[in-house]
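A quick write-up on the structure given underneath.
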Amino acid sequence: DAGVIQSPRHEVTEMGQEVTLRCKPISGHNSLFWYRQTMMRGLELLIYFNNNVPIDDSGMPEDRFSAKMPNASFSTLKIQPSEPRDSAVYFCASSLAVQTYTQYFGPGTRLTVL
Amino acid sequence: KNEVEQSPQNLTAQEGEFITINCSYSVGISALHWLQQHPGGGIVSLFMLSSGKKKHGRLIATINIQEKHSSLHITASHPRDSAVYICAVSIVGGSRLTFGEGTQLTVNP
């Protein structure tokens, strides 16, 4: 298996623009997680899905952030409008199930908002 | 106080040394994870454990549930072990991972 795939790997955009990050989980995995990593706050969970259904989005910073999982093999994280403080590395991870299975991380998307 | 605390924050060792990184947590957990983040940014899951001890190559992870403490040991350390090591826990009754701040390990040749 190719592992968790994320695109793009790097994104540079201007404040106010819409940004869409994409993730393809490992085939057969039922849980998908979106994380954000910054120097100030470290790794934070934004949202996770189980069987394509959002379970906990309490980590989503504000209404500018939204995430979807239309099917078992694809998820998006959208920021609209983007702000400089959204600059971070965004990781997607997947696992067989939520609690007691290893999470496999994608390579991350480095987002820079100017 | 963070729910997950790691020590030390930074660790520098000479090649060949035995290394220990500690993780303490203050909540009930269903599992504890050790992750490795390479200088390039990629994150790899090293171990997931809920009791006892696991070993993979030169890496050993232990957990003491009663003391709410886990350790990650690296034997015969090598410069390629240089990375950030992150402890994370799955809290009982929840599903999210809560992360420690990480330990930056540098192994010099």
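What follows is calculated from the coordinates using simple rules that are stated; it is not laboratory data. What you are looking at is a predicted structure, and each value in this text was computed from that prediction instead of being measured. For neighbour counting, all protein chains shown are included, and Cβ atoms are generated from backbone atoms with ideal geometry for every residue, glycine included.
Just tell me how shielded A:49-56 is by partners: mean number of partner chain Cβ atoms within 10 Å of each residue's Cβ, no decimals.
Values: counts 0, 1, 0, 0, 0, 0, 2, 3.
The per-residue average across the peptide is 1.
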Exercise. Pull up all non-local amide H partners of A:GLY59: gap of 5 or more, or a different chain, and H-to-H distance under 5 Å with H placed in the peptide plane.
Key: none
Practice problem: Report ³J(HN,Hα) in whole Hz for each residue of region B:48-54, in order, from the Karplus equation J = 6.51 cos²θ - 1.76 cosθ + 1.60 where θ = phi - 60°; Gly and Pro get x. | Solution: 10, 9, 10, 6, x, 8, 10
Quiz item: Along the positive direction of the dipole of chain A (beta-carbon charges: Lys, Arg +1; Asp, Glu -1; about the Cα centre), which of A:ILE79, A:THR38, A:ALA2 reaches farthest?
Solution: A:ALA2
Quiz item: Sequence-distant or interchain residues sharing an amide H contact under 5 Å with B:SER30, placed H: which?
Solution: B:SER90, B:ILE91, B:VAL92
Quiz prompt | Qualifying chymotrypsin sites (Phe, Trp or Tyr not before Pro) in region B:1-35, DSSP loop, other Cβ atoms within 10 Å at most 12 | solution = B:PHE18
Self-check item: Hz values of 3J(HN,Hα) by residue in region A:81-86 - Karplus curve (6.51, -1.76, 1.60), Gly and Pro given as x
Solution: x, 7, 10, x, 6, 7
Self-check item: Computed Kirkwood radius, in angstrom, where 1/r is averaged over Cα pairs of the protein assembly as shown
Solution: 18.0 Å
Quiz item: When the distances between all Cα atoms of chain A are binned every 5 Å from zero, what whole-number percent does each bin get?
Solution: 2, 13, 24, 27, 19, 10, 4, 1
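Just round it to a whole percent: the fraction of Cα-Cα distances in chain B exceeding 15 Å.
Values: 3529 of 5886 pairs.
Across chain B, Cα pairs with separations above 15 Å total 60 percent.
For A:ASP57 and B:SER30, FRET efficiency with R0 = 25 Å and r from the beta-carbon atoms, rounded to 0.05? List each step's numbers first, then the result.
Working: r = 21 Å, r/R0 = 0.84.
With a Förster radius of 25 Å, E is 0.75.
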Practice problem: Could you run the Karplus curve 6.51 cos²θ - 1.76 cosθ + 1.60 with θ = phi - 60° over region B:75-89 and give me ³J(HN,Hα) per residue in whole Hz, x for Gly and Pro? | Solution: 8, 6, 4, 9, x, 6, 7, 4, 4, 9, 10, 10, 9, 9, 10
